[in-house]
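The values are calculated or read from the model by the stated rules, or taken from the named source; none is laboratory data. Here the structure is a predicted model, which means the values were calculated and not measured. All Cβ positions, even for glycine, are placed from backbone atoms using ideal geometry, and neighbour counts span all protein chains on display. Accessible surface is based on the protein model in full, side chains and every heavy atom, while ligands, DNA and RNA are left aside. Shrake-Rupley method; radii C 1.70, N 1.55, O 1.52, S 1.80 Å.
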Amino acid sequence: MQTSFTLAQLADPEVAESEKILRTCVHCGFCVATCPTYVLDGNELDSPRGRIYLIKDMLEHDRPATAEVVEHIDRCLSCLSCMTTCPSGVHYMHLVDHARAHIQRTYRRPLGERLLRASLARLMPYPQRFRLALNAALVGKPFAPLFAAIGLKQVAAMLRLSPWRRPGRLLTPQRFAAVGARKGRVALLAGCANDLLAPEINAAAIRALTRHGIEVVVADGADCCGSLVHHMGREQEALAQARANIDAWMAIEGLDAILITASGCGTTVKDYGFMLRTDSAYAEHAGQVASLARDITEYLATLPLEADQNARGLVVAYHAACSLQHGQRITRQPKELLVKLGFVVKDVPDGHLCCGSAGTYNILQPDIARRLRERKVGTIERLRPDVIAAGNLGCMTQIAAGTKLPVVHTVELIDWATGGPCPPALREYRPRSAMRPSAAAG
Ligand code: SF4
Ligand code: SF4
């Protein structure tokens, strides 16, 4: 694609990077058919190619974002399906991140939207504040239909997605010793929302790792990865959160890897080197952290895991989180691990399409998110699985809101199959095939 940025514009490293990305696009349109928002409505401006044109026009003319640009960029899930499809290697993620930061700088959203976005950015990455919000949501949850009826769809979506149970306990900074001889040492990102919403995920990861001889450190000062605000265009807040994590992890000696159980966060941590490339004080350490970052299944696949008999035969519909399959290109390891440990794994048809979770997308764009969830849940339920597994809490929450099937994190199944307890969601559920005593015993 030809561009016409001036030399003065190209002096800005962000613009120079975007220009480089734009030039790699050859307008072929292969990406269009695999974009979930295009698949839903068939609007070219809600396709990757359409968005690329809008971004090019906005950046080239260095003009403030218009309502039209904002509408179509806001509808993008950042699922990165287009990056998997693109034969030219267009780095859409960095391009849309730049566009979102430009929108945040140059566009004044209506008051209600500004308030909602500011609340999400100031609550969710901070566990103590988020805990208060979740407790308040427990009280407000029964009124979700009322909020929807009076047009406050985003508030209704937030309440519907919040759990019925009280927030869990946070993982505090500490060290979990390896069982037996130590074979490795890793840091685990506790994350901001994970332990409040589903403490069983990190607990399962720690059990599975330590059982296989890996020491696990939860670093003091490592909190939110920054992805939540990053995808809202709040660049400086995201970079501040990234720097805090880098400081926390660089203070730990002898790390073999930095493990992340939420693949949305993993994609961002793996991008720290790029995000901080122009920060001379952090660029080097950011690159080191990015090169150590691993998804939990990526790391577990390198260990000699041994199966217990508990899980044999349970039918698992594996939902590939976009951030894992498109963002990190991890497609094999989670399924291979599950098969190796005795589960029957079924691929979800149209698995490249997003479930509609996408960080805060299911709150900010509730209608599209609901349609994507209905589509996803329909394809999953047709498989008649006993359980749904995914590697990202956001997807788990989104899918669980639309089905009665139990939804667990992949690592919960791995932990269970290697000697850990039965995942709580499975203990409460009575699946057809798990009725047999061997499958449900924990
Ligand atoms: S990131 Fe996903 S929603 Fe956005 S343009 Fe690419 S395929 Fe479409
Ligand atoms: S597939 Fe790649 S090169 Fe083709 S239009 Fe999409 S982004 Fe551009």
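Assuming A240 fulfils every condition listed in (1) open to solvent by less than 40 Å² (accessible area, probe 1.4 Å); (2) under 25 Å from Y361 (Cβ atoms); (3) at pLDDT 95 or above apart from one, which condition is it?
Among (1) open to solvent by less than 40 Å² (accessible area, probe 1.4 Å); (2) under 25 Å from Y361 (Cβ atoms); (3) at pLDDT 95 or above, A240 violates only (1).
For residues that are touching a residue at least 24 places away in the same chain (Cβ under 8 Å) and small (G, A, S), scanning just the range 243-269, find the one that is surrounded by the fewest Cβ atoms within 10 Å (Cβ to Cβ).
Among them, the one singled out is G254.
Would you check if S18 is under 23 Å from R277 (Cα atoms) and out of contact with any Asp or Glu (no Cβ under 8 Å at 6 or more places or on another chain)?
Against the criterion (under 23 Å from R277 (Cα atoms) and out of contact with any Asp or Glu (no Cβ under 8 Å at 6 or more places or on another chain)), S18 qualifies.
Can you tell me which residue is nearest to ligand 1 (Cβ to nearest atom) among those in the range 60-83 that are in contact with a Lys or Arg (Cβ under 8 Å, 6 or more places away or on another chain) and β-branched (V, I, T)?
Just the residues of the range 60-83 that are in contact with a Lys or Arg (Cβ under 8 Å, 6 or more places away or on another chain), to begin with: 70, 72-73, 76.
Adding the requirement that they be β-branched (V, I, T) leaves 70, 73.
Values: V70: 14, I73: 9 Å.
Filtering first and then ranking leaves I73.
Filtering the range 284-314 down to residues that are among the hydrophobic types (A, V, I, L, M, F, W, C) and open to solvent by 30 Å² or more (accessible area, probe 1.4 Å), which residue is nearest to the chain's Cα centre (by Cα)? Before the answer, list the steps.
Pass one, the range 284-314, residues among the hydrophobic types (A, V, I, L, M, F, W, C): 286, 289-290, 292-293, 296, 300-301, 303, 305, 307, 311, 314.
Imposing the further condition that a residue be open to solvent by 30 Å² or more (accessible area, probe 1.4 Å) reduces the set to 292, 301, 307.
On the way: L292: 18, A301: 20, A307: 28 Å.
Restricting to residues being among the hydrophobic types (A, V, I, L, M, F, W, C) and open to solvent by 30 Å² or more (accessible area, probe 1.4 Å), the top hit is L292.
Given the criterion of a type in the set (S, T, Y), touching a helix residue (DSSP H, G or I) at 6+ places or on another chain (Cβ under 9 Å) and modelled with pLDDT of 95 or more, identify the matching residue among T379, T403, T397.
On the way: T379 fails: touching a helix residue (DSSP H, G or I) at 6+ places or on another chain (Cβ under 9 Å); T397 fails: modelled with pLDDT of 95 or more.
So the residue among T379, T403, T397 that is of a type in the set (S, T, Y), touching a helix residue (DSSP H, G or I) at 6+ places or on another chain (Cβ under 9 Å) and modelled with pLDDT of 95 or more is T403.
Considering only residues that are touching a residue at least 24 places away in the same chain (Cβ under 8 Å) and farther than 15 Å from E68 by Cα, look in the range 34-47 and name the one that is nearest to ligand 1 (Cβ to nearest atom).
C35
Select from the range 52-73 the residues that are in contact with a helix residue (DSSP H, G or I) (Cβ under 7 Å, 6 or more places away or on another chain) and either of a type in the set (S, T, Y) or within 22 Å of R373 (Cβ to Cβ) (or both) and list them in ascending order.
Residues satisfying the conditions are H72, I73.
Quick one: what pairs do we get from the range 149-174, first residue loosely packed, with under 11 Cβ neighbours inside 10 Å, second among the basic types (K, R), C-beta under 8 Å, 6+ apart or different chains?
Close Cβ pairs (under 8 Å, with a partner that is among the basic types (K, R)) amount to W164/K141.
Taking P87, is it within 16 Å of ligand 2 (Cβ to nearest atom) and either without any contact (Cβ under 8 Å) to a residue 24 or more places away in the chain or open to solvent by 30 Å² or more (accessible area, probe 1.4 Å) (or both)?
Against the criterion (within 16 Å of ligand 2 (Cβ to nearest atom) and either without any contact (Cβ under 8 Å) to a residue 24 or more places away in the chain or open to solvent by 30 Å² or more (accessible area, probe 1.4 Å) (or both)), P87 qualifies.
I need the full set of residues from the range 25-57 which are under 13 Å from L95 (Cα atoms) and open to solvent by 50 Å² or more (accessible area, probe 1.4 Å), in order please.
Residues satisfying the conditions are R49, Y53, D57.
For the range 90-116, enumerate the residues that are open to solvent by 30 Å² or more (accessible area, probe 1.4 Å), closer than 14 Å to L364 by Cα and among the charged types (D, E, K, R).
Matches in the range 90-116: E113, R114.
(1) of a type in the set (A, V, I, L, M, F, W, C); (2) touching a Phe, Trp or Tyr at 6+ places or on another chain (Cβ under 8 Å); (3) within 11 Å of ligand 2 (Cβ to nearest atom): which one isn't true of L77, the others all being true?
L77 satisfies every listed condition except (3).
Would you kindly identify the strands (runs of 3 or more DSSP E) lying entirely within the range 208-295 that contain at least 1 residues that are of a type in the set (V, I, T) and in contact with a strand residue (DSSP E or B) (Cβ under 6 Å, 6 or more places away or on another chain)? Give the derivation first.
Values: elements: 214-218, 257-260, 293-295.
In the range 208-295, the matching strands (runs of 3 or more DSSP E) lie at 214-218, 257-260.
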